[in-house]
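The block underneath contains the structure these notes are about, expressed in structure tokens.
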Amino acid sequence: MQMRIINVTPGLLPIPPNGWGAVEKIIWEYHQNFLKLGHESEILYLDQVKSDRCAVVHIHVANLAIEAHKRGIPYYFTCHDHHAYLYGKDSNCFKENYNAIKNSIISFVPAKYLVNYFDLPNLKYLSHGVNTDFFKPTYRVVDEYKLLCIANNGFIHDPSEDRKGFGFAIEAAKKLNLPITIAGPENNKKFFERYNFNYDKLNIIYNLSETDLLRLYQSHDIFLHPSILEAGHPNLTLLESISCGLPIVGTFEDGNNLEGLYKSNRDVEEIINGITHVIKNYDTYKKLTTVTSKEKSWENIVNTLIAFYDTSMKNQLIEIYESTKINHKDSVESQNSIVFDFNNKSKVEILGEIKKEYNLKFINKQNNKLVYESDISNNMWTQANFAYFIDWNIQIRDKQTNSLVSDFNLDLKNKTVKIVNESPSLGDGVSWVACIDLFQKKHNCIVDYYTPNKDLFEIEYPNINFYNYNHIHDENYYASYKIGCFDPNDNSISRADYRTQNLQQIATNILGLDYEEVKTKIHVKDKERKLQEKYVCISTASTAGCKHWQHIDGWQKVVDHLNDNGYKVVVIQKEALNYMDLQGLKNVIHPQTQSIHEAISWICNCEFFIGLSSGNSWLAWALDKKVLLISGFTKSFNEFFTPYRVINESVCNGCWNDVKYKFNAGDWNWCPKYKNTKNQFECTTKISFEIVKEKLNNIINYVNSISPLRKNLDSFTYKEIFEWNQYEKYVGVEQNDLVLDFGCSKGYFFLKHKGKNIKYIGIDGSLDCLSDFIENLNGDEQPTLIHALIGDNKSVQTFASMFHNNKLQRSMSMTFSDIIKLINRPIDFLKFDIEGYEKIFLDTDYNLFKSNIRKFSGEFHFCGNHFPRNHGYEVLKKIIIDPDMSVKLFSIDGIDITDYFWTNPDFYTEIIISGFISKNMTK
């Protein structure tokens, strides 16, 4: 029997929720499954609900249930509120929920202890469910068991309370020396501000999207849940973790059972015993999770709920049906079905017995061009023969009537997409992972990525599922794409000839992304330094003679020069030093690395790297090393950007990128123009040591110039400024600029730009940071430094300095207006990193900001104390649409997110906003 079902929204958060909202998520799952089962379902505000005996009205908060009773609306009710138990039976919270239950047709609670607690005859236990189509396990090799807690900690009266047992979980992980991740909404910051946990294997994450949440479950092994009070047994996170194949160690109510959960009290030793037991019996617990996930699917739970509805409403619905006048209507003609398939090519199939002819147009939405058109009949298919990503609009019309049958727009959000790296080369694999990450974030889809060396990336990119080539995965993918250096004559596989593109651009073109160099993140398993003396890593061997530096004694002269400058030289390659046409080397260290992880350990601790156009150079680039790259057979655009690129363009060069030639991997001596002549490989035989030496001295001078500063600079912040160029992706500091630095810390930004004859004013609230700043100055450097915080009023504040072990410090605060008056001239470049107080000049003092700043770049935070998320969005939109502004947005790891930030804004807790005010750009 079809029902009309109305779920009443609490009205506090959108449905489906775009952040943390358990009740809203439950309502959405009810709604989706009601529709799937053929019922009519709506989500309405109470004011939109009329008293209608034919409709099921389901309410989820007590005050709305009480109001519905006053209005004479019969309703079903679910109590989700654990505070009714926490505050006791004398509390208003209990009394409200009691009356809401008492006056309902039937009420439900998702915990059995609450049935006994309220003790009302119309109250039933109904478990929460889980979306097993979305939350599902993935295969991963477990080399170290990773623990996970996901929760919204605290109580309403005190959000810093450890209701969910984070402290117990962290202490257990610490004693077992296992990595642990704590994830949840920003509210959890209250707990971590109150309690300080010093554990280097603790990872804390805030504000995840649903896709991020899935990836987090799938990248961990055991879920911990030492909670003291829950309204749901099981609650949503327990079911989501179990559905993703994670056994659980945690608390659970008496008289109830959850297969796959090891029951433990809130006691560190009990939790340790539970974790140890689960690890010893991991396969058994893993199998039990499968049983539970099937039993607790939302489809099963909603079927149970409908049975409750059906039983209570059956008699009155029969009565209404029998007294209703029947109006006969003409039957509706059935329709053919349309099947879209985006696996490797873009295919449309029309199935059904109704004989019709259709016209199909495949339109690229990015340029509104018609790419492909075809006419087919029912039970036929057609496809646009393009294997790369195209942002499709597919229009299907009935040819007889010209009526629009379907106007389909490709949307990968929450869809499962398969991407295969077709190249076994290390450099290709390292280069392309960053593009896969960009694709996943742009489309907010589920990506299964098949690639060699997946263990280099999977920890750094938990939002991506990594698989080896030989892994058999029974997933029905919504779309599939392949990346590689494909036949340039086949324009159906790639948009452009790979020989004309940067290596990373090959992947962005295939995946439909705008190209901008994005550095890949590499997991370093072993960071321990193997050699205490300073050393440089080099790689002299590759897979073809044209890739080698063929200049006689070139490498040995490099080694000698490095030795003369005080560097040891470590050769990182599996090949012998005299491999193929190499001549061997003296005075070097050649460790016999057994795995790529050992090579990474050596490279990550070196001063800089020298190599060829090969995988190890890409590896060093990804590890944030300065790379001196020697190559003649490729053009300079082929690899990543490095100011230390060596090429001799006065001789034959760049054959790899010349469309007249196709590389022959089977010919070691491939030299398409001069093979077997005296000019063979002249692209590198004519790169003399003197040419290399110029770049080599530049990189040595650079390293020497910054190495003395490393003594008291935080390495991560140093990389943000010097190596990742975090604040200057769009606008930069120029010669003679006046630079105002809010949150100048220890002087990173000044030290980077001191050679540009800038006038610099740095402001910071930490006296310790300013002391470190001054220690890094030479006698002739005279920046203006001010000890102050940026605030919205004049006051003295106490705060914890993050760079000095959270030591409490006091500082006066200055307003933005006071600073502008003090400087009394336009600011050429404003850099800011002030943990949320950017609100003052980007919102409150916005007009003053626009009048006095030329260029700006800094961190924009979405945090509760300063920029509540929704208010932050309003401020950001105001800036972006301001015609006087030219603005770009970047993620903290440097990716340009300007074009797709708004597709998933809740993913970010902070971003970089960078731009200029056009009317101020003429000095």
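Do any chymotrypsin sites (Phe, Trp or Tyr not before Pro) in region 451-531 lie in a DSSP loop with no more than 12 other beta carbon atoms within 10 Å, and if so, which? Let's see the in-between values first.
On the way: sites: Phe457, Phe466, Tyr467, Tyr469, Tyr477, Tyr478, Tyr481, Phe486, Tyr498, Tyr515; in loops: Phe457, Tyr469, Tyr477, Tyr478, Phe486, Tyr515.
Answer in residue order: Tyr469.
Kindly rank 366-372, 639-645, 222-228, 27-33 from highest to lowest mean number of other beta carbons found within 10 Å of each residue.
222-228, 27-33, 639-645, 366-372
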Accessible surface of the chain, 1.4 Å probe, proportion on carbon and sulfur as whole % = 48 percent
Relative contact order (percent) for region 182-249, with alpha-carbon contacts under 8 angstrom and 6 or more residues of separation?
-> 32 percent
Once both label points are put 7 Å beyond Cα along the C-beta direction, the Thr500-Cys54 separation in nm becomes 6.4 nm
What helices does the chain hold that run 27 Å or longer along their axis, going by alpha-carbon atoms, with a Kyte-Doolittle average of -1.0 or more, using DSSP H for the helix calls?
-> 298-322
Taking a ≥ b ≥ c as the square roots of the Cα gyration tensor eigenvalues, with a/c under 1.5 meaning rounded and otherwise prolate when a/b beats b/c or oblate if not, region 460-541 comes out oblate
Using a 1.4 angstrom probe, figure out how much accessible area the chain has per residue, in square angstrom, rounded to the nearest whole.
-> 45 Å²
For mean projected area of the Cα convex hull in nm², several values are listed as [x] 49.9; [y] 77.3; [z] 45.6; flag the one computed from this structure.
-> [z]
Relative contact order for the chain using alpha-carbon pairs under 8 Å, separation at least 6, rounded to a whole percent?
-> 6 percent
For Lys399, the residues 5 or more places away or on another chain with a placed amide H closer than 5 Å to its own amide H are Glu357, Tyr358, Asn359
If we sort 697-703, 194-200, 105-111 on the protection proxy, mean other Cβ atoms within 10 Å, highest first, what's the order?
-> 105-111, 697-703, 194-200
Quick note, region 190-257: a/c under 1.5 would make it rounded; otherwise a/b > b/c is prolate and the rest oblate (a ≥ b ≥ c, C-alpha gyration tensor); here it is oblate
In the chain, what percentage of the DSSP-assigned beta bridges are antiparallel, given to the nearest 5?
-> 40 percent
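Show me the ranking of peptides 116-128, 149-161 by mean Cβ neighbours inside 10 Å, starting with the highest. Please report the intermediate quantities before stating the final value.
Numbers: 116-128: 15.8, 149-161: 17.7.
Those peptides, ordered most packed to least, come out 149-161, 116-128.
Kindly identify region 79-180 as rounded, prolate or oblate by the Cα gyration tensor criterion: order the square roots of the eigenvalues as a ≥ b ≥ c, call it rounded if a/c is under 1.5, otherwise compare a/b with b/c, prolate if a/b is larger, else oblate. Present the calculation step by step, with values, prior to reporting the outcome.
Numbers: a/c = 3.53, a/b = 1.74, b/c = 2.03.
Note, shape of region 79-180 comes out oblate.
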Restraint check, Lys527/Lys574; Lys752/Lys855; Lys164/Lys521; Lys189/Lys626; Lys190/Lys415; Lys530/Lys626, Cα-Cα greater than 26 Å = Lys164/Lys521; Lys189/Lys626; Lys190/Lys415
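So what is the relative contact order of region 104-246, in percent, for Cα pairs below 8 Å that sit 6 or more residues apart?
Values: 236 pairs, mean separation 47.7, N = 143.
So the answer I get is 33 percent.
For Glu269 and Trp381 in one chain, what is 0.36 nm times their gap in residues minus the Cα-Cα distance, to one decimal in nm?
Working: separation 112, 0.36 × 112 = 40.32 nm, distance 6.21 nm.
Separation in residues times 0.36 nm, less the Cα-Cα distance, equals 34.1 nm.
Counting only helical runs of four or more DSSP H residues, what would the 222 nm mean residue ellipticity of the chain come to if each run contributes -39,500 (n - 2.57) and the total is spread over all its residues? Could you put the intermediate results ahead of the total?
Working: 25 runs with 255 residues, N = 923.
Mean residue ellipticity, 222 nm, calculated: -8000 deg cm²/dmol.
The values are calculated or read from the model by the stated rules, or taken from the named source; none is laboratory data. These numbers were taken from a predicted model, which means no experiment stands behind them. We place every Cβ from the backbone using ideal geometry, glycine too, and count neighbours over all the protein chains shown. Just so you know, the surface numbers come from the protein's heavy atoms only, side chains and all, with ligands and any DNA or RNA stripped out. Shrake-Rupley method; radii C 1.70, N 1.55, O 1.52, S 1.80 Å.
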